[in-house]
Amino acid sequence: MTAMDMATRVRRGISKSTGKRLALGLAFVSPWLLGFLGFTVYPVISSLYYSFHRYDLLRSPIFLGFGNYVEIFTKDPTFGLVVYNTIYYVLLSAPLGVISAFLMASLLNTEIKGRSVFRAIFFIPAIVPAVVTAMVWSFLLNVQYGAINATLRGLGLSTIPFISSPRLAKPSLILIHMWAQGNAMVIFLASLQDIPRSLYEAATVDGANAWHKFWHITIPMCTPVILFNLIMGFIGGFQNFTLPWLLTGGGPNQATEFYALFLYRQAFNYMRMGKASALAWILFIAIVVFTVALFKSSARWVYYAGGTE
Amino acid sequence: MGIAAPTSDAASGREIRGTPVGKPGSMRSRISTVLRYLLLIMLAISFFLPFYWMISSALKDDSQVYTVPPIWIPRPAHWNNFPDAWLQHDFIRYAVNTVFRYAIPVALAGTVSSAVVAYGFSRLRWPGRDTLFFVCLTTMMIPFQVTMVPLFIVFRGLGWLNSYRPLVIPAFFGSPYFIFMLRQFFLTIPEELADAARIDGANEIGIMARIMFPLAQPALIVVALFQFMAAWNDYFGPLVYINRDAMYPLALGINQLRSALTGIAISPLAYPYLMAVSTVATVPVVVGFYFTQRTFIEGISMTGLKG
């Protein structure tokens, strides 16, 4: 106690006036502050400005009012499909990704030999370059010579046209998403290891079986992390670009034309910077609304061991 | 319960999870251990399958690639696919671009700047600090699509297209994700050492550079590694800013190889070459992960638990 008091007093004695401390603090964070102004504040405002204009990089921007927004919602024939594809993907990939990560983490959290080997195998898909993931899976799922279909053909069974069928393209992308859940898995693993052993011991004394313990201890204790991973999954899903871009290019028959692909094309293929900015703002608002709604709902299903905040 | 029923195995796998299970050596616990290993091994095999397929396909020639049922162990193995694929195309240049123009500059600049900012957000006391830190965290919520168009317009105006400047210069201003990670780490280091140095008249920059950074070395290395790997893996950034072949990073080069090979109907060596190049692009990431596994995984779980 006294040592801490001393330290505080010493710190106060040395510390200068509020103004000087403020100046020093700002000096240290100044790189971020400048970057924040230049790479966040300016582009965010600027993007809002462009969203009300027609701008093709060649002529100066022409004011349209809500023209871009009206066009997107009422005149663009593909917008509805893009929204459908994106919501389909987000609503399935985020929960399934969380389940996959949670299952892996649960298995790794038992007493097993070679845990670090299994952990590495489950984790590595999350860190390989997206281009590699796309190349490997496009070959693996290839309808004629891919490992899966060539095996099926070898057995005389009919093939599965994974990414070449409009019906299966989205589920195939979700499957790959479930494969690359290393980050979420590691976060789950840490939270599983944080659950006090005494809880399980007390439950055993009370005669609970493994299933009870899983439902009434493990799951509730993990809900904060489930929420975190779910939110990350939703946000990532809304912005999903690289894998569909490389693996399916939005096809077949626009089945994987997701929001981020559509937006990218507007900006860099059709040079419609204003419309792309309007699309970005719609996406931004959708993500914020979605995240807030999820947080609101979390009061009902998330359990904070340290008391609710 | 047979091996052929993976879904029901999955369910029982979760049941097993609630350790401690039964009495050690009892029949029940022995069965559950066996089931747990079975499920783990089956999952591990299916998770590793794409990588195995990539490596084995990289060693095939055209007759081995288009075989039904597929060949899992190519004999003979065509090891020369690796140098051939690598040398026939400009991959050495792509790799040099990726490492020296992109990944190393970003890792160095991003780590130093994020560390300095994190120091200001954790070890200094000043009015408004926590408000600004909160602002810093919320910027992570903004989808990159919102800032993408205006930044492209600005960088284009500066004449930075077809260079790595749009991808490297922002790293000098720190990245909220790594600022957050390093701040969490700095907060775990006791203040006493810094106080002692302050009494001796050291200034803040000296304390940061000579006391804090050496103590935080593992965290700094992980942050540098994360950024190196993110740049190595990045496809979207270069896609937006770079369209001159000579400036391509590996990610764009690999995709270009695919378009080139599959463009000519079905070129026989398309897949082996593509898989050979993909294997080489994967190796540094896996090696980097392997040698830093512990700190690497701690870094990720830290952001999740304290977030």
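Miscellaneous remarks
- In region B:85-305, a dipole from Cβ-located charges (positive for Lys and Arg, negative for Asp and Glu) runs towards its positive end, and of B:Phe172, B:Asn255, B:Phe296 it is B:Asn255 whose Cα lies farthest in that direction.
- About its Cα centre, the dipole of the protein assembly as shown is roughly 540 debye, where the only charges are +1 on Lys and Arg Cβ and -1 on Asp and Glu Cβ.
- Packing-based ranking of A:191-203, B:147-159 yields B:147-159, A:191-203, ordered from highest to lowest mean Cβ neighbour count within 10 Å.
- Shielding by partners for peptide B:247-253, expressed as the average number of C-beta atoms from other protein chains within 10 Å of each residue's C-beta, is 2.
- With one equal scatterer per alpha carbon and no solvent term, the Debye-computed log10 I(q)/I(0) for chain A at 0.07, 0.09, 0.10 1/Å reads -0.44, -0.70, -0.82.
- Alpha-carbon spread of chain B, three principal axes, descending order, Å: 74, 67, 35
- Kirkwood hydrodynamic radius of region A:179-298, from the reciprocal of the average inverse Cα-Cα distance over all distinct pairs: 17.6 Å.
- Farthest towards the positive end of the charge dipole of chain A, among the residues A:Phe258, A:Asn85, A:Thr151, is the Cα of A:Phe258, using unit charges on the Cβ of Lys, Arg, Asp and Glu.
- For the residues of A:42-49, the average number of beta carbons from a partner chain within 10 Å of their own beta carbon is 5.
- Over region A:224-284, equivalent-ellipsoid semi-axes from the Cα gyration tensor in Å: 24, 16, 7
- Relative packing of A:125-131, B:210-216, which averages over residues the other C-beta atoms within 10 Å, highest first: A:125-131, B:210-216
- Hull volume in cubic angstrom per residue (convex hull over the Cα atoms of the protein assembly as shown): 190 Å³
- Among A:Pro43, A:Phe139, B:Met42 the positive-end extreme of the charge dipole of the protein assembly as shown (Cβ point charges): A:Pro43
- Mean residue ellipticity (222 nm) of chain B, computed from DSSP H runs ≥ 4 via -39,500 (n - 2.57), nearest 500: -21000 deg cm²/dmol
- The listed peptides A:20-29, A:174-183, ordered by packing as a protection proxy, come out as A:174-183, A:20-29 (highest mean of other Cβ atoms within 10 Å first).
- Shielding by partners, peptide B:171-182 (average Cβ within 10 angstrom, other chains): 3
Quick note: the coordinates plus some simple rules give every number you see, no bench work behind them. None of these values were measured; they are calculated from a predicted model. Backbone-built Cβ (ideal geometry, glycine too); neighbour counts: all protein chains shown.
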